[in-house]
Every structure is written in C-alpha cells, then in structure tokens.
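Remarks on the structure that follows.
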Amino acid sequence: MITDFEILETIQMFQEQHLDVRTITMGINLMDCATSSAEETCKRIYDKITRQAERLVSVGEDISREYRVPIIHKRISVTPISIVAASSGTKDYTCFARAMDAAAKACGVNFIGGFSALVQKGYTDSDRYLIESIPESLATTDFVCSSLNLATSRSGINMDAVRDMGRIIKQTAELTKDRDAIGCAKLVVFANAPEDNPFMAGAFLGPGEPECVINVGISGPGVIKSALETVRGEDLGVVAETIKKSAFKITRVGELVAREASSRLGVPFGIIDLSLAPTPVVGDSIARILEEFGLESCGAWGTTAALAMLNDAVKKGGTMASSFVGGLSGAFIPVSEDEGMIAAATKGALTLEKLEAMTCVCSVGLDMIAIPGDTPATTISGIIADEMAIGTFNNKTTAVRIIPMPGKGVGDFVEYGGLLGSAPIMSVNPASCADFINRGGRIPAPIHSMRN
Amino acid sequence: MKPMNNHTAVITVVGHDTIGIIASVSAILAEKRVNIKDITQTIMEDIFTMIMIVDMTESTISIKELADILDVLGEEIGLSIRLQHAGLFNAMHRI
C-alpha cells in the first residue's frame with residue numbers, strides 16, 4: 001500500500017537526485033585454482049571466474065530494467081592472488097593479473113579486484129612476489145585492481161610493507177605516466193581491510209568468505225543533499241534525523257537489488273555496503289552535503305564535525321534498513337571523484353592535512369589524491385604510515401590511494417574522465433620522514449587489541 | 001493507498017497535457033491483458049502527472065517487455081512513461 005506522494009518522491013530521487021546502486025560485486029573463491037603450474041593456475045582462474053560470473057551482467061541489467069534502478073557497476077572480487085598463486089612456482093605474478101583481466105572482459109564487468117595480499121604481520125614469499133609484480137600488472141591490464149592490507153588493530157602495522165609500498169606506488173605511476181598514472185587509481189593500501197568490500201579498488205574476497213557471494217554497494221549523496229535542502233536553518237538534531245531517513249530508503253533499494261540478484265543468480269547474499277559513494281557529476285557530491293550543513297567550502301573548520309555526524313547518521317539509518325551491513329560502510333571522500341571536493345581542493349580550501357583529519361571519522365581514507373611526481377617514496381610511505389596508524393589505533397578501516405603524477409607539480413591537474421574524474425595536484429609537506437620509514441620493522445598492536 | 005501483490009507494477013506518466021494520454025496507455029495495457037487497479041491524475045501548471053497501479057498476473061508479456069513498449073510510446077507522444085515493479089516502492093517506504 002503506497003501513496004502517490006511516496007511514488008513521486010521515489011521517482012524524483014532517481015530522476016533528479018542521481019540515486020543509483022553503485023555496484024553489484026560478485027565475490028568468487030579461487031583457492032581451488034591453485035596448482036603447481038602457473039599456466040594451469042591461470043587457466044583455472046579464467047575458467048572459474050567466467051563460469052561463476054557468466055550471468056552477472058545480464059542479471060544486473062534485468063533487475064535494473066524491471067525496477068528502473070540504475071545499477072552503475074557489475075564487478076568481481078576474488079581471493080587474494082598471493083594465496084592462490086603461492087604454489088605456482090613462478091615469481092612473476094603478472095600472468096595472474098592478465099588472466100583476471102581477460103576473465104573480467106569476457107564477463108563484461110568493468111573492474112576485478114583481488115590482485116591482493118594480506119601482509120599486516122609480515123610477508124610470505126608469495127606476498128613479496130605479488131607486491132613486486134604490481135607495477136607491471138597494473139600497467140599491462142585494464143580492469144585489474146590491487147589492494148594490500150598493511151595493518152590491523154590486532155596485529156599492528158607492518159612498516160616494512162609501508163616502506164615498500166611507497167616505492168611500488170612510485171613505480172606504478174612511472175609505468176603508467178602516459179595515462180596520468182592511472183595505475184595508481186587501481187591500487188589501494190589498507191588498515192583493517194574488510195573482507196567483503198564491494199567497492200574498488202579495494203575489493204577482494206577474504207579467506208573467511210563463502211565460495212561465491214553477492215555484495216552490493218549503495219550510493220546516493222544527491223538524495224541526502226536534496227533532503228537537507230528542505231531543513232535549512234533547523235538545528236543539527238533535525239539534520240541527523242533527515243539523513244537517517246534518507247539513508248534508510250537508499251539502503252532499502254540496495255537490499256532489494258542484492259536479494260533479487262542473489263536469488264536470480266543462485267548465489268548467497270553477503271552484505272550491503274552503506275557507503276555514500278560520490279561521482280564527479282554535479283549533484284552527486286559528499287562535499288556539497290557538508291557545505292549544506294552550513295560550511296562555505298568543504299575543508300573549512302567544522303568539516304570534520306559535519307562529516308562525523310553525516311557518517312554516523314548514514315550508518316544509523318542504514319542498519320535499520322538491512323541486517324547484513326558490511327564492507328566499508330561510511331561516507332567516501334575521494335578528491336578526484338567528487339565535484340565539490342575537486343572545487344574545494346582547487347581553490348585551496350581543502351588541504352591534505354584536513355583530509356587526513358577527516359579520515360578519522362569516515363571511511364575510507366586518503367582517496368584519489370594527486371600529489372607532485374617528485375614526492376620522495378619515503379614521504380609517500382610516511383603518508384601511508386599516518387593513515388595506517390589512524391585506522392589501527394582507532395579500530396577502523398583506513399586506506400590510501402594516492403597518485404604521485406610524474407612530471408607534474410602543484411597547480412597542475414590529472415584528468416581521467418568518467419567516474420574517476422580529475423584532481424588538482426595538492427602540495428605535500430616537504431619535511432623528510434626518510435629515517436623513520438627506513439627503520440622498518442613493525443609498529444606493535446595497540447594496547448586495546450588485547451581484549452581476550 | 002494502493003493495493004499491491006507480487007505482480008503489481010507502477011506506471012507513472014509525466015509531461016505536457018495532451019488529448020488521449022490515458023487512452024493510448026490503457027489501450028496497450030488491454031491488448032497485453034494487464035489489469036488496471038487504480039489511476040490517479042493531476043494537472044499542475046499544464047504538467048500532467050498520472051500514476052497507474054496495474055496487475056500483471058495475466059499479462060501476456062514480461063514486465064521488461066512492457067516497459068520497452070511504454071518507452072517507445074512515451075517517445076512518440078513526448079512524455080516520460082516509467083513502468084516499475086512495485087516491490088521498489090514497498091522496499092523504500094515500508095518497514
């Protein structure tokens with residue numbers, strides 16, 4: 001029993017406020033693809049992905065058509081390749097990335113995640129081979145995404161890996177410099193990485209996950225922004241309540257799509273990821289929501305408080321709407337993928353340091369940030385170390401996806417177009433942290449990890 | 001308040017008011033054996049808005065095919081015609 005008002009409100013959300021389901025991501029276990037031959041392993045990886053995900057795109061399109069809910073991405077996440085490839089006998093893992101890429105293309109999805117390793121407490125030999133293969137793999141494939149878990153609240157921070165990833169990120173940028181270092185847009189490092197995240201570049205299927213699973217990521221910044229426009233000047237309690245109600249409705253759309261996809265594909269439903277994911281389209285921005293709170297520009301003092309409240313209210317509304325919430329579940333603050341963030345960073349209102357503060361209260365972290373190409377690898381490692389510490393010591397997920405653009409400096413732009421958008425190159429504190437990073441070793445787990 | 005079941009769909013038509021909008025939509029529905037359960041319409045500042053609740057239990061075509069046919073009709077007469085499974089509205093607005 002639905003009223004005319006509710007019907008028209010729903011249609012407005014889709015037509016004018018850019019409401020969509022951001023991604024249906026199928027997680028596929030690849031552990032049974034491990035063999036002692038790299039060639040055979042690649043073949044099994046390709047065969048298994050294309051078999052399991054054969055109908056993913058067409059089912060997604062059918063649901064989209066019947067409910068008139070835009071479903072922007074259909075994607076695949078797989079078991080971390082460092083586990084799958086460990087016994088393959090090769091040290092060059094680019095062949096596995098190419099097998100994933102070919103499978104993604106055959107299935108018609110636009111990204112495949114899982115060229116990954118979980119190294120929070122140390123490297124296996126396979127983890128090392130995978131990490132050294134990242135630059136070449138991302139340069140020679142189109143759809144493969146790579147992620148690494150460098151830290152957890154239970155294990156502390158693997159500072160050897162933090163040091164190495166500064167270098168790997170620079171190499172990845174260098175190998176893809178003719179395409180604005182796009183390799184770095186497909187590479188993310190985490191603290192406390194969720195094993196069921198449907199969003200790229202960080203999606204992989206963790207070792208505790210089922211054989212095959214459907215995870216769905218919602219979107220909807222435009223809906224929240226429009227709802228807040230109706231309560232201008234009201235106190236913040238009203239703002240929180242308004243966000244919760246909108247988040248409930250948005251999440252229910254995601255839940256409906258997830259349940260339908262799960263039943264039509266015969267694959268269990270995993271989780272809804274309650275993240276507000278922006279796009280560079282006007283009207284689909286997190287920064288503009290924060291400005292609707294009453295800030296002249298995103299990045300002004302008050303931004304962190306507004307973001308904390310937004311993030312919390314979205315979760316409260318979302319958890320009422322779905323019992324199975326997981327993944328990253330929070331507001332994303334990527335710079336290049338958010339029209340308002342791009343504007344704020346371009347005019348200097350939003351700095352790297354402010355973004356770091358914002359990551360303390362939201363998911364996911366320093367995301368899609370372009371920095372000068374001459375930034376030292378150790379400084380990139382320092383940025384990663386700070387972000388890992390925020391996640392590890394506050395029991396939350398944090399991440400870094402950063403683009404040191406070769407040959408460009410502050411004032412220049414990187415341009416990707418599409419959903420990856422564009423980003424002004426932001427200035428980085430020039431003081432060195434090289435001696436700190438080069439110490440290596442591990443930062444011990446925080447005292448509150450001892451809960452047993 | 002509109003009655004709903006698993007075969008219920010919602011058709012919304014929005015655009016400039018012209019003669020015969022309801023007639024052309026309902027002619028297609030009758031031909032495909034889609035039963036109209038409820039219609040409301042309003043005209044505000046010459047913008048025509050119609051909400052139609054239909055039961056597709058005996059429909060000779062799928063919801064996707066009907067959506068395609070209505071899209072074509074919408075383009076012909078210059079209106080936005082959306083057919084959507086009613087489950088969407090239930091999911092979003094009912095606990």
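Each reported figure results from applying straightforward, stated rules to the coordinates on display, with no laboratory input. Just so it is clear, the structure is predicted and the values come from calculations on it, not from any experiment. All Cβ positions, even for glycine, are placed from backbone atoms using ideal geometry, and neighbour counts span all protein chains on display.
Summary table
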| quantity | calculated |
| --- | --- |
| Assigned charges on the beta-carbon of Lys, Arg, Asp, Glu; segment A:25-191 dipole about Cα centre (debye) | 340 debye |
| Most mobile listed residue (B:65, B:75, B:45) in chain B, GNM with C-alpha springs under 10 Å | B:45 |
| Within the protein assembly as shown, percent of DSSP bridges classed antiparallel, to nearest 5 | 55 percent |
| Percent RCO, i.e. relative contact order, over segment B:8-93, from Cα pairs under 8 Å lying at least 6 residues apart | 42 percent |
| Violating pairs (Cα-Cα greater than 22 angstrom) within the set A:225/A:249; A:43/A:186; A:48/A:105; B:32/B:64; A:186/A:315; A:225/A:316 | A:43/A:186; A:186/A:315 |
| Inverse mean reciprocal Cα-Cα distance (Kirkwood Rh) of the protein assembly as shown, Å | 24.4 Å |
| Listed residues A:285, A:297, A:272: farthest to the positive end of the dipole of segment A:234-367 (Cβ charges) | A:272 |
| Share of Cα-Cα pairs in segment B:8-93 lying beyond 16 Å, as whole percent | 50 percent |
| Calculated FRET efficiency for the pair residue A:236/residue A:51, C-beta based, R₀ 60 Å, to 0.05 | 0.70 |
| Kirkwood estimate for segment A:297-423, i.e. one over the average of 1/r between Cα atoms, Å | 15.4 Å |
| Positive dipole terminus of segment A:166-238, leading residue within A:231, A:166, A:216 (C-beta point charges) | A:166 |
| Shape box of segment A:217-444 [Cα atoms, principal axes, largest first, Å] | 50, 43, 34 |
| Cα centroid separation, segment B:1-78 to segment A:181-237 (Å) | 36 Å |
| Partner aspartates and glutamates for residue A:177 [C-alpha distance under 15 Å; skip if fewer than 8 residues away on the same chain] | A:136, A:142, A:374, A:412, A:415 |
| Pairwise FRET efficiency - residue B:33 versus residue A:16, Cβ, R0 = 45 Å, nearest 0.05 | 0.85 |
| Span-rule helices in chain A, defined as complete DSSP H runs reaching 15 Å or more along the axis (Cα) with Kyte mean at least -0.5 | A:4-15, A:56-67, A:94-107, A:125-140, A:159-175, A:236-265, A:303-321, A:377-393 |
| Net charge over other residues, Cβ less than 13 angstrom from the Cβ of residue B:58 (K, R count +1; D, E count -1) | +1 |
| Residues with amide H under 5 Å from that of residue A:269, placed H, sequence gap 5 or more | A:214 |
| Residue A:432/residue A:140 FRET efficiency (R0 25 Å; Cβ-Cβ; nearest 0.05) | 0.15 |
| Residues of segment A:213-251 with amide N under 20 Å of the 7 Å Cα→Cβ point at residue A:346 | A:222 |
| Between segment A:96-136 and segment A:280-313, the Cα center-to-center distance that results, in Å | 34 Å |
| Alpha-carbon centroids, segment A:320-338 and segment A:4-56: separation in whole Å | 17 Å |
| Virtual spin-label span in nm between residue B:17 and residue A:174, 7 Å along Cα→Cβ | 7.0 nm |
| Isotropically averaged projected area of segment A:275-354, using the convex hull of Cα atoms (one quarter of hull area), nm² | 5.4 nm² |
| Viscosity 1.567 mPa s, temperature 4 °C, Stokes-Einstein D of segment A:85-232 from Kirkwood C-alpha radius, µm²/s | 78 µm²/s |
